[in-house]
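Notes to accompany the following structure.
The values are calculated or read from the model by the stated rules, or taken from the named source; none is laboratory data. Just so you know, these numbers come straight off a predicted model, no measurement behind them. Please note: Cβ atoms are built from the backbone with ideal geometry, for glycine as well, and neighbour counts cover all protein chains shown. For the accessible areas, the whole protein counts, side chains as well, though only heavy atoms, and no ligand, DNA or RNA atoms are used. Shrake-Rupley method; radii C 1.70, N 1.55, O 1.52, S 1.80 Å.
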Amino acid sequence: MSSSIWQFSKRAAALQSSAIREILKITELPHVISFAGGLPSPNTFPVEKIKQAVDRIMESDEAFSALQYGPTEGYKPLREWIVTLINQREKTQLNVDNILIVTGSQQALDLIGKALIDKQTKVLVETPTYLGGLQTFTQYEPEYVSIASDDHGLNPDLLSDEEAKSASFLYTIPNFQNPTGRRLPAERRKKLADKAVANNLLMIEDDPYGELDYQGHRLPSLISYAPNNTVYLGSFSKILAPGMRLGYVVGPADFISKLVQLKQAADLHTPSYTQHIAYNVIKDGYLGEHIPKIRELYKRRCQFMLEQLAKYMPNTVRWTKPEGGMFIWVELPEHINSTELLTIAVNNNVAFVPGETFFATDPKTNCLRLAFVTVPEERIEQGIKILAGLIK
């Protein structure tokens, strides 16, 4: 069909496909060992528990509300569950007016971009940072300011007061960051929160991986240190199932109210059906027994990949050693371009995500991200051995 009958807007024309989504097409081939997609392991999906919840809903009067339009803010019992969770964990004093249920936390990023970014608005980001966040914010044409990071994550000492005062917000993933797997230490969290309060800076705290601490020891979230300066994003994708497309936003009531207006224009509300299912699965404490099983699987596969990296990689290669989450960040010798390496690796049936796509400014071309949670151990060893041979 000819495309001559329409002309895309400048915003649409400027969009580019996500490198991750394009690579996911490759991972569908069964012979490819994929360390690319940031997908939770299907072995962790609570299929039977979800089936029981569906049966319980469909066999009761709840079926009518689960299949009907719902409030934009979200299913109230689910919002109340989130209020209790955050208040108990972070010692906050939230109520349901502080909660918005969204169609995956990716939608939250889009709503926040619409709410806070005009052309040339300054946005502070980590170095590197989540590609999906960059892809969402970029369509609103911000001016990115990258804050330097080290092996412990974002360094608040390198965030100047001038940068903090002039920015619309700081976007950060403190827990087992995508792509690096790093976790921001407690003392840096406190220092960052204090700097945000002192400079009237809003922090967008994206936390899809916080429950995936292999030891089960959470650090205080930024929202616990600076609740009036923090918008917190949570997700059920990594602890239930991503196909449910359920996330949530926690923030000041007037900010949530504006996001509600934006969401009404986008999709009216998050599907009632999946909200009811999720609530029925989690309401009686099921996550307390389910999440430790996820942690154990991910810990085992992470440790195994770290062992294989140590066994096969040349000593010129460095990598992170995560204490949780789903990713390992690898730094290659500077003369190796990871995007060029990917082409060679795919021809040898191994896939990963090149690191340059995760930088808002001044991309580094000698880095890559490895995701390990969906790959069985024998294929992890096979894939790392092949990749190390190509690097050598």
Largest first and in whole Å, what are the equivalent-ellipsoid semi-axes of the stretch 239-284 based on the Cα gyration tensor, each being the root of 5 times an eigenvalue?
22, 13, 9
Would you mind computing the Rg to Rh ratio of the stretch 257-392 from its alpha-carbon coordinates, Kirkwood style for Rh?
1.12
Quick one: accessible surface of ASP362, probe radius 1.4 Å, all protein chains present, in square angstrom to the nearest 10.
130
Tail beyond 22 Å, pair distance distribution of the stretch 245-321 (Cα, percent):
57
Excluding GLU73 itself, calculate the net charge of residues whose Cβ lies under 15 Å from the Cβ of GLU73, where each Lys or Arg counts +1 and each Asp or Glu counts -1.
0
With every protein chain left in place, what is the accessible area per residue of the stretch 103-164 in square angstrom, probe 1.4 Å?
39
So, in nm, how far is label ASN347 from label ASP118 when the simple model puts each one 7 Å beyond its Cα toward the Cβ?
5.0
1.4 Å probe accessible area per residue over the stretch 329-392, in Å²
42
In the stretch 267-365, trypsin sites (Lys or Arg not before Pro) in a DSSP loop with at most 16 other beta-carbon atoms within 10 Å
LYS283, LYS364
Considering Cα pairs under 8 angstrom that are at least six residues apart, work out the relative contact order of the stretch 344-392 and quote it in whole percent.
36
So which chymotrypsin sites (Phe, Trp or Tyr not before Pro) in the stretch 23-91 end up in coil per DSSP with only 10 or fewer other C-beta atoms within 10 Å?
TYR69
Using just the helices of the chain, give the 222 nm mean residue ellipticity in deg cm²/dmol: DSSP H runs with n ≥ 4 each add -39,500 (n - 2.57), and the total is spread over all residues, rounded to 500.
-13000 deg cm²/dmol
Carbon/sulfur accessible area of the chain, % of total, 1.4 Å probe, equals 50
Quick one: Kirkwood hydrodynamic radius for the stretch 31-99, alpha-carbon pairs, angstrom, one decimal?
15.5
Among 126-136, 84-94, the order from most to least packed when residues are scored by Cβ within 10 Å on average
126-136, 84-94
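Which loop GluC sites (Glu not before Pro) in the stretch 250-354, with loop taken from DSSP, have no more than 16 other Cβ atoms within 10 angstrom of their Cβ?
Answer by residue number: GLU334.
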Can you tell me the accessible area per residue over the stretch 194-233, all protein chains present, probe 1.4 angstrom, in square angstrom?
34
May I have the pair-distance distribution P(r) for the chain, computed from all Cα-Cα distances with 10 Å bins from 0 and rounded to whole percent?
5, 22, 31, 27, 13, 2, 0
Share of Cα-Cα pairs in the stretch 181-223 lying beyond 11 Å, as whole percent:
70
